[in-house]
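Input: a single structure, listed below in structure tokens.
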Amino acid sequence: MFLTSLYNTVMDANKPAVDLDELVLKFRPVVAFRVRKALGGSTPDWEDVADEIITQVIEKVRNGEFRGESSIGTFIYTVTSRRIVDFIRQKTKVLKGGPEPSPWPDPSEDAETRERARIVAGAVQQLKPKFKEVLNLYYYQELSREEVAARLGISPRRVSERLNYAQKLLRKRVRS
Amino acid sequence: MRKCLFEDQIDDYLLNRLEGPAKDRFEEHYFNCSNCFAKLQERDELISSIKSRSAWLFSRERQPEPKGVAAALGRMTDWLTPRQWAVAAVSATVILFTVFGALPLLRHQSPQFTLSEGEVVRGQSLSLITPLIDVKAVPAYFEWAKLANAADYKISIYNGELLWSASTTDTRIAIPEDVKRKMVAGNTYAWQVRAFSAGGTLVAVSSRVRFQVVTGN
């Protein structure tokens, strides 16, 4: 709500060179992704941090701090990175000694994410064993392409082909 | 669509293999490239699903590969969809029915012989020995090949209609004198033998062979 009201104020006050409506729509997911990746999905504040960053960006654009010397993407990336660093500095003392946040977002965090994860996992389960095996070794066990190739007795190029083909199949099945 | 140079770094980024300036450059890039960001999100969703459900997804991969017929059948189930299994089951049923049901019936069924326009029978073939070609005199006897499962033979001689018929347990028969006299030189005759089992079942039928008693004997 706060974000929306601030956003409307900005739109009413000036005629910014940047379309703020489009900016929020386009960059909110990118900022959220970057923040979640940096802080971990289990960090409870990560969505608040993402909202703060978008608010900061709107304010900065409104105040003329974005002068077009870089792309708007790079500008927002810079604001995001600084805010993440600040957040980590503020929280370091609190987090020190606490449980290590999971590097991977917990798919049970909301119903929509859980449902998406179920669909994707179901699609993975239906893949042929040779594709599942590559996904297991590469994404779950986090072996390099070369290590996967050595384990399976195929070339690294073949590993890449299987990964690409598996992703293509998954994309098709998840969308259908 | 042209592939973005940064696309190859998506996995490395998500698997925390990018560090320092390379990581910064990649992050700055996906703030500017919606195509890469869409792929990044999709890949992140895949990796998250794999990481969070690995026990369910890969439990079988971590177990030693079972061997034997059951394992082979298990691997087959991985390859075939339910529909393919249904088709395979129907095909197997048809093949089994054909092999064990229909073929034995056909094998025991004797060949079909047309004796006349209104008479069609099944039976083994029976070879006639003599006479097979034109003869200079009325043959003293008629001879045919022996059949293992035949107990009785019935010979029929035709001259357009049935001239004479007789039964014998032997494989040759002499025709009676009164029949001989009916067989006139210059006429064409035909003969045929049917074999019967001990139970009286027709088991074989010969072809109907024509011969002529030529004049001038």
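The values are calculated or read from the model by the stated rules, or taken from the named source; none is laboratory data. Model, not experiment: these values are computed from the prediction. Here Cβ is always computed from backbone atoms with ideal geometry, including for glycine, and neighbour counts include all displayed protein chains. Please note that ligands, DNA and RNA were not included when accessible areas were found on the heavy atoms of the full protein model with its side chains. Shrake-Rupley method; radii C 1.70, N 1.55, O 1.52, S 1.80 Å.
Go through A:Lys132, B:Lys136, B:Lys180 and list them by solvent-accessible area, largest first, probe radius 1.4 Å. Could the numbers behind the result be given before it?
Details: A:Lys132 10, B:Lys136 155, B:Lys180 55 Å².
I get B:Lys136, B:Lys180, A:Lys132, largest accessible area first.
For the pair B:Val179 and B:Asp134, what calculated FRET efficiency results from E = 1/(1 + (r/R0)^6), where r is the Cβ-Cβ distance and R0 = 30 Å, to the nearest 0.05? Kindly include the intermediate steps, with their values, before the conclusion.
Numbers: r = 19 Å, r/R0 = 0.62.
E between B:Asp134 and B:Val179, to the nearest 0.05, is 0.95.
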Computed FRET value (nearest 0.05) for A:Gln141 with A:Arg114, which takes r as the C-beta separation and R₀ as 25 Å: 0.55
Can you put A:Asp21, A:Asp45, A:Asp86 in order of accessible area, largest first, using a 1.4 Å probe? A:Asp21, A:Asp86, A:Asp45
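Go ahead and run the numbers for FRET between B:Trp85 and B:Leu5, Cβ-Cβ distance against an R0 of 41 Å, rounding to 0.05.
Working: r = 45 Å, r/R0 = 1.11.
The calculated FRET efficiency here is 0.35.
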Asked for the total accessible area buried by A and B (1.4 Å probe, Å², nearest 100), one would answer 3800 Å²
Residue order for A:Tyr165, A:Tyr139, B:Tyr141 - accessible surface, 1.4 angstrom probe, largest first: A:Tyr165, B:Tyr141, A:Tyr139
Could you give the distance between the Cα centres of the stretch B:134-179 and the stretch A:131-176, to the whole Å? 84 Å
Spin-label point model (7 Å from Cα, Cβ direction): what's the A:Asp86 to B:Val94 distance in nm? 7.4 nm
Taking amide H atoms as placed 1.01 Å from N in the peptide plane, list the residues 5 or more away in sequence, or in a different chain, whose amide H sits under 5 Å from that of B:Val203. B:Ala195, B:Phe196, B:Ser197
Testing the spin-label approximation: label points 7 Å from Cα along Cα→Cβ at B:Asn16 and B:Ser207. State their distance in nm. 9.1 nm
